[in-house]
Every structure is written in C-alpha cells, then in structure tokens.
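Novice: For reference, the structure I am asking about is given below.
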Amino acid sequence: MKKKVNQELKNEKNSKIKQFLLDMIAPVVLLGITIALFVYGNSKKPVTNTIPMPDMYSYEGSEDPITLESGDYKLYVDPLTTYITVENKKSGKTWTSNPEEILTADLTDEIANKLKSTLILEYSNSVGATIDPYYNYKYSIEKSIYDIQKNGDVITVNYSIGDVAKTYICPPVCLATEFEDYLKKIEASESGGTKIMRDVKGNYKKWDKDKVGKYDVDQFEIIKERYPKVLEEPIYVLRDGLGKTTMEKTERAFVGIGYSEEDYKKDKELDNQEASSNKPIFNVTIQYKLEGNKLTVTVPFDKIECPADYPAIGLSILPYFDAAGKDTTGFMVVPEGGGSVINFNNGKTAMEAYASKIYGRDLCLTKDSLVHDPISTFGVIGSSRGDHSYICIPDGCSSYATIYADIYRQKSPCNNIYLKYDLFQREMYDMGSQVSTAIYKYIDELPQDEKITQTYVFLDKGNYVDMAEAYREHLLKEYGSYMSKNSDSSTPVNVEIIGAADKTEQILGIPVNRPLELTNFDEASEIANDLKNSVGMKNVNLKLVGWCNGGVKQTVLSSASPVSKLGGKSGLKSFIETAKGLGYNVSLNGIVMYAIDSDLFDGFFSFTDAAKTIPQERMEIFKYSAVTFALREGTEPYYLLHTDLIFKYADNLVETADNYGVGVSFDDFGKDLAADYYDDKFYSREKVKSLQSDLFKKLRDGGKYVVINSGNEYAIPYVDMITNMDLKGSDYSILDENIPFLEFAIHGYVNYTGESLNISGDMSEELLYSAAYGAGLSFTYMKESPFTLQDTLYTHYYGCDYDAWKSYMVDIYSRYEKELGHIFNQKMTNHEYISEGVSCTTYEDGTKVYVNFNFVPYNGGGVSIPARDYIVKR
C-alpha cells in the first residue's frame, strides 16, 4: 500500500512539474508574439487584396441569337439580354434563365431588376461594410457593358458590372461643321424629319469662341479647358441631365443616319476630361457548354476582377433559372437530409426561405455563438414542372456554395432555387475597446486555378425519382468503377464499441483527469462473439471508438497507442483476431483534424500546429451550452489543426490500422471541411476537399476498408460504409416532404446507416427512416454500467449499456434482416407517398417497403400498416 501511495505521489509530482513547464511556456511565447505583433502592427497596414480596377466590356456583335447544338438539344443565347434558353428539339420543352412568366408588367423597378438578372454580385468595402448587391441586369445588361463570344463548342459571356452611365451612340461633342451635316441628314432621313432634327439640335449647345454671351463667360472658361478644340473652331456639346427617353430618341436619330461606335469614339477624343467615378466596377466571365442533355456553366476565378477597395464576397449564378410563377404547378428539390421537396406556391409565406451550406460552414472561420448551422452533405438541386424537370450539380467549388430556395411571395414573386458562392472570405480583427468600428481582413486573392462549375441535366420527365435517377447516372459516369454494385446478401450493421472515456479522479485530494474504462478489449471480444452466436449478425463493422491516446477525447495522432487500461496492444490484437474469425470487419476510429486536450508532451504546440484564421490567429473551437447558448463553463477550447498536420495524422491512423491488419474509421474526414488561412501556406476549402477526396481514392485503390461519418458527397464513391448519415434532415417549415434522393442514387453501391438507434433522439423515427431509405442498422455499446458516467460530459452514452439493450437489438435486427436483408445489393427503382405520411420504396426485384410515419394505422390500396411501423411485400 505504501509503495502504491509513493508511486501516486511521484506521478503527481511529475504532473505538477509538467504543468509548471506548460505554465511557463505560454507566457514566454505570448510575450514574444505580443512584441512581434506590436512591431508588425506599427509598420504595416492590413491588406485586403490588390486587384486593379478592371476595364469594361462592350458588345459589338449581331442581334441574332448565338447557338450551340448537341444531339437533341439546342442552346440559345440572346445577345440583347444574355438570357439563355435550352430546348429539346424533339419534345419542344424549354428551360430559360429568366422565364417570361415571372417578368410581369406590374413589377416594381427594384424587383424587375432582380428577376431580369443572370448574376447577383455581393461586395463590401475594405473595412467590411456590406453594400447593396449588384443585380447584373441593372448594372450590366441594361447598360450593354458585356461581351459575347463563341469559340468552338463554348459560348462565353463577359460581364462588366457597375453603377456606370450607359453609353449612347450619339456625339458627346462634335465639330460644328460635322454636326450641322448630321442634322441635315436626320431631317432628310425616313426615320427622322424636321421635328426630330429640331429636337436633337435642342439637346446640344453650340459654343463659338467669337460669340460667347456675357452670361456664358464663366462657363466658357470650363468649356475651353475640357474641349480645347473650341479655340480653333465652333463645336456642339451634349447638354447634361437629359433623361433616358430623350437620350434613346437622340441615339435612334443618329444611328438611323449611320452614325457608328467608331464615330462616337472619334468624337469622344475631343473631350479632354476622363470619365471618373468612385463606384466600383467588376468583371465576371460565365461560360456555357452543351453536351447532349447536359449544360455546363463555368465561372473561372481568374476571370473575376474587382477593384482593390471593393472585394467581391458573393456570387449567385442564374438565380432565376426556370423560375416559376404563381400559377405554375411543380416543386423544387433541396438536399436537406437525404432530400426534401418544396412545392411551388405552397402558401408558407410566413416561413423563412430555405438556405443550407454545402458541407456545412468553413470550420476555420470563427464562430462566436451557438446557432444552428444548416448542412447539406451533397449539393444537388432541381426543379420540376410536372412533365419536365432539371437537376443542377455543383461540380466545381461546391465547398463555397450555399443553396437558396424560396416560394412565390411579395418581395420575390417567383418560385426559384439557386446556388450562391462565397468569394473573398473575410474575418473581423479583434481590436479590443480601443477601436469603435469593425475592421476586416480579407484573403489576398481568389485561388486562380479554381473555377465554379454547375452541370444542369435536363429531363423530359418530372418525377423526383427520375431526377434522382439522373443524379445516379451522373455519379456512375463521373466515378466509373469506384461506384460498383456491392454483393451484400444481408443487412449491413455498424456496431460502435466505446473503449475509454475520461473522468476526473481524486488522488490524495488532487483532481487528475484519467482514462475511464467502459469496454476493455476482452469485453469487446465477448460482445463480438455474442453478436454472432446469440444475435446471428453476419455483415458487421465493429467500429472501435476511444481505443487509443486517452480514449474518446483522444489526443493528437502523432502516434496511436492503445489505452493500457483496455488491454494494450496485446489485448487489441486478441480482439481483432476474434472479430476476424467471426467474419467481421474492424475499423479503428480516429480524430485527425483537431487537437483535443493535447499539449507539448503529446506533440502539439498550438502556436505552430493550429490552423490560422484570416487575421492569423489560432483557430480555437469553443463548446457552447445547448441550454443557455453561452460558452460552456469549465471547458477549454480545442484547436483545428494545420492542414499539413491533419494529413500527416491521417496517414498515421491508416498506418496503425495497416499494422493491425484492419480498416480505418475517420471521425471527421468526410464530414468536416475547413480551409487553413495560414499566410505562409494557405489551403483553400476547395483544395482541402480535393486532398480529402484524393486520400479516400488512394485508400480505395489500396483495398483499404474505410468508414466515415455523415458522408460528404466527394467521399461517397470511395468508402465502404457511411455511418451517422442524416436521413431526415431538419424540420424546416417551408419543406413539404422528405424523400430519399441521395439514397436512391447510391443504394446498392455504398452501405450507409443512420444514427445509432439506441442513442438517437427518437429510436422509432430513426428505424422508420432507415426502413424507408434502405439504410443499414447502427448501434453504440459499452460493457460498463451507465452509472459509471456520472459526473462526466458523456451523458449521451447513457443508453449504451449492451446487456440492458441486447434484447431490443435482437428483436429489431431479426425482423429487419428477415424482411429487408436481401435488398442491400439492389438499386431503388421507385419511391412515392401513397398517402400523407405513408411511403413506398421499390427495389429491382419488385420488393416494396411500406412505411407508416403516422400515429394511426393505414389501410388502403390493399395494404394495412400499423401506426409507426413498416411492412415488406415481395
């Protein structure tokens, strides 16, 4: 006993020394950084970006539509409006960027400018104040400051977008002899006449240095400075303040006699004054390419130009494409959960419009409060008018995109769905109380090798099943053999076994955080044997969570060491041998993106190893209370790791799994996505997405068994199982129906499960959605009693007692396997709601799965389904 106490005192002494060293390091480092920041802050101002003010485009081509043809489809671009129309030449069905039905005569100018736009550009000034967006109809199309070019099979539209005066093709200033010649021609022309000639002449003032009236002396001093030619001969100058109608009439008169843009440029040279404006002008290029029933829309980042003091922060592309009016019947598809439907004109005008960020928010941008972050794991959107439809797939820069969908309402009189992309990311400097105004820092430039790409797929069918089928075809073509049918003949089951958590213990009156054993490796072997022998499970993935580096709150994976309390390396090897002998897959779960409860002794130094925010601060992530919405007291922040370290730790996890001959489970990869704004080595969010995708592809090529959570679209083709997939999504009031859109596309190719039934918020609901959406089953277990978790932060594991839950699991699995075990190697062929709250999913062999989500039984069409239950007919 004495020896044990001495050892504990020795351990505690070492712990205090370690803590003392840590306490000393932080102040020293902080002092150094403070000095560096002071010197830097007094020698260099924050820079946003250094893009020069762009030149403006102008269109000089024909008024005839510019076209592309491919197979049965034809693309028209109207050179007068830049609107696009795609036509199926066989059926006559069309899809238009700005449908005529939404451009009614009773629109206000403000609303009309929105609905007539093909782009919406949002920008701010250098200190971060957001300015009213530029709708490109008012600020480009109407002013004819755009250009259209056709090169081979691509049509390119270059827009200049800005609050600039429209150029009218008539003389701004003209030599008197030439101008009077023009007047004679206008009077003699068929489109002119004496009255029009007199009106045009009245729009100009003649200046002659020998005939300056006494009231014009001061004005003439300005005129001769601006137009020095007046000192040689008389000139006519266009009067200021003429209205749009007057200018249009004047332009028609001059164009009618052959006055050209070249004449305008020649006359403009007489003006000594350069036009100037402090209003920003932006250049954006959009490219169209038609391939059969697919239209690819591309916006290259290297073609986006904006002035140095006005960073572009958002861009919406074709926001009113195929938008529907108030009398149109149809629906929109949004990627909420597995998919959801918003019916046109559903009357829910009191509800907020739908908005969801693809892959969730950028985790390297600071979050200072607890708010619900809408997340879409895939980005497909679509719209149907009953007999024809389209889907839109964001192939490039999807990680910057937010999905917006809304119904007809007064401020936006149409039903529309579109994608808006973040451009110049920004964050506010923390200047303390010394500065009253907000100061923002922006990224220096957009990644020049990236481009926004949206692929529209047009269908002469209007069911959401047809749209989901088109998405599946897109995935099969895009990923080839990586999207291959599986051969499963039984229900895929994920069983998550919790090894160790952590709990504060008192040692000689001193609180010490230590691993808390919940399921040791021998007990994990017992559970595996029981699943096989007592429950009869066949197709099982055993996911080990909390098996290394301290447990569930795992330290960084500079190395991966099994928790000794659980049985160490030998115990882990023994468990793996048992599981393999039963024919089960084992996946070692790891956190690779975050540093939780880690310090120098774990190989983590936050000042160099943490990712950096845009203002170059460490990316700290705080925990918030779901009750008070405030910071959770008594908890330390954890850190997002620098991108290079993240992939190093991912490699370490894979290498460890290889050493044990098992699969790998990423707790965060394939679910979380973050940029890294480190000045010395910047990684855009899209670049990180590409790196994650490449890693998954590499693992698939190497035959590695891979499990991820949630299932971001870019990872799906390369992994073996997706767990904790959000099948239903959030209950946004504007939504009308939940549908298995994503699941329809991938079922039979990739196994997936919803949340663990025993710890989901509503087990019955989760099971019903699993049956309706063709999901496998998932459970989370531990061998210890839940009472062990008292006074810890792991109360969400209270329902994980294996012995207490086993009988429920047996009942659920036995029925599910018996009735649904044969469907997991099949594609879905149909899904429909046969009544409100009652769905039917059909598979290749004709199996129909009926699910009644209602709290009352359903009887109809020869089918009887108890309340909150499912039945299967083969």
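Novice: Note down the nm distance, to one decimal, between modelled labels 7 Å out along Cα→Cβ at LEU600 and at THR94.
Specialist: Roughly 7.2 nm, to one decimal.
Novice: What is the sum of charges around GLU817, taking Lys and Arg as +1, Asp and Glu as -1, for the other residues whose C-beta is under 15 Å from the C-beta of GLU817?
Specialist: Within the 15 Å Cβ shell, the charges total +2.
Novice: Using only alpha carbon pairs under 8 Å that are at least six residues apart, calculate the relative contact order of the range 524-569 and give it in whole percent.
Specialist: RCO, the range 524-569: 22 percent.
Novice: Taking only the C-alpha atoms, wrap a convex hull around the range 375-509 and report its volume per residue in Å³ as a whole number.
Specialist: So the per-residue hull volume is 339 Å³.
Novice: Can you name the helices of the chain, as whole DSSP H runs, whose Cα span along the helix axis is 30 Å or more and whose Kyte-Doolittle mean is not below 0.0?
Specialist: 2-41
Novice: Leaving out same-chain residues fewer than 8 places away, which lysines sit with a Cα under 17 Å from that of LYS411?
Specialist: Hits, sequence-local ones excluded: LYS114, LYS116, LYS326, LYS348.
Novice: Treating only the Cβ of Lys, Arg, Asp and Glu as charged (+1, +1, -1, -1), what charge dipole size does the chain show about its Cα centre? Round to the nearest 20 debye.
Specialist: 1100 debye
Novice: In bins 5 Å wide, starting from 0, what share of all Cα pairs of the range 80-206 does each bin hold, as a percent?
Specialist: Final binned percentages: 2, 8, 12, 13, 12, 11, 13, 12, 9, 5, 2, 0, 0.
Novice: Remind me, relative contact order of the chain in percent, using alpha carbon pairs under 8 angstrom and six or more residues apart?
Specialist: About 11 percent, as a whole number.
Novice: Setting aside same-chain residues fewer than 8 positions from LYS89, which lysines have a Cα under 24 Å from its Cα?
Specialist: In chain and number order, the partners are LYS74, LYS150, LYS289, LYS294, LYS461.
Novice: With r defined as the distance between the Cβ atoms of ASP373 and ALA353 and R0 fixed at 22 Å, what FRET efficiency is calculated, to the nearest 0.05?
Specialist: Here the calculated transfer efficiency is 0.85.
Novice: Further question: What are the ³J(HN,Hα) values, in whole Hz, obtained from phi via the Karplus relation 6.51 cos²θ - 1.76 cosθ + 1.60 with θ = phi - 60°, for each residue of the range 297-305 in sequence order, with x given for Gly and Pro?
Specialist: Each residue's phi maps through the Karplus curve to give 10, 10, 10, x, 5, 6, 9, 9, 10 Hz.
Novice: Using the crude model of +1 on Lys and Arg Cβ and -1 on Asp and Glu Cβ, and no other charge, please compute the dipole size for the range 680-754 relative to its Cα centre, in debye to 20.
Specialist: In debye, rounded to 20, the range 680-754 gives about 500.
Novice: When the helices in the chain are scored as -39500 (n - 2.57) per DSSP H run of 4 or longer and the sum is shared across all residues, what 222 nm value do you end up with, to the nearest 500 deg cm²/dmol?
Specialist: That calculation yields -8000 deg cm²/dmol at 222 nm.
Novice: Follow-up. Mind counting lysine pairs for me in the range 495-600? Cα separation below 14 Å, and the two need to be 8 or more apart along the chain or on different chains.
Specialist: Value for the range 495-600: 5.
Novice: Could you calculate the contour length gain from ILE169 to SER864, that is, 0.36 nm times the residue separation minus the distance between their Cα atoms, to one decimal place in nm?
Specialist: 242.8 nm
Novice: Here's something else I'd like to know. Less than 19 Å from a label point 7 Å out along the Cα-to-Cβ axis of LYS326: which backbone N atoms in the range 336-366 qualify, by residue?
Specialist: 343-353
Novice: Give me the number: length gained by fully extending TYR429 to ASP208, i.e. 0.36 nm times residue separation minus the C-alpha to C-alpha distance, one decimal in nm.
Specialist: Full-extension gain reported as 73.7 nm.
Novice: Contour minus end-to-end for VAL255 and ASP216, with contour as 0.36 nm per residue of separation and end-to-end as the Cα-Cα distance?
Specialist: 10.9 nm
Novice: Still on this structure: With a 1.4 Å probe and every protein chain kept in, tell me what percent of the accessible surface of the chain is carbon plus sulfur.
Specialist: 49 percent
Novice: Moving to a separate point now. Using 1/(1 + (r/R0)^6) with R0 = 22 angstrom and r between the beta carbons of SER814 and PHE787, what's the FRET efficiency to the nearest 0.05?
Specialist: The formula returns an efficiency of 0.15 here.
Novice: Could you work out the Rg to Rh ratio of the range 497-556, with Rh taken as the Kirkwood radius (inverse of the mean 1/r over all Cα pairs)?
Specialist: With Rg and the Kirkwood Rh in hand, the quotient comes to 1.15.
Novice: Taking a probe of 1.4 Å, how large is the accessible area per residue of the chain, in Å²?
Specialist: The answer is 45 Å² per residue.
Novice: With a sphere of radius 14 Å drawn around the Cβ of SER399, what net charge do the other residues whose Cβ falls strictly inside it have (Lys, Arg +1; Asp, Glu -1)?
Specialist: 0
Novice: Sequence neighbours fewer than 8 away in the same chain don't count; with that in mind, list the aspartates and glutamates whose C-alpha is under 18 Å from LYS209.
Specialist: Of all the aspartates and glutamates, those that pass the test against LYS209 - Cα under 18 Å, at least 8 places apart if same chain - are GLU178, GLU180, ASP218, GLU221, GLU225, GLU232, GLU233, ASP271.
The values are calculated or read from the model by the stated rules, or taken from the named source; none is laboratory data. Here the structure is a predicted model, which means the values were calculated and not measured. All Cβ positions, even for glycine, are placed from backbone atoms using ideal geometry, and neighbour counts span all protein chains on display. We work out accessible area using only protein heavy atoms, side chains counted, and drop any ligands, DNA or RNA first. Shrake-Rupley method; radii C 1.70, N 1.55, O 1.52, S 1.80 Å.
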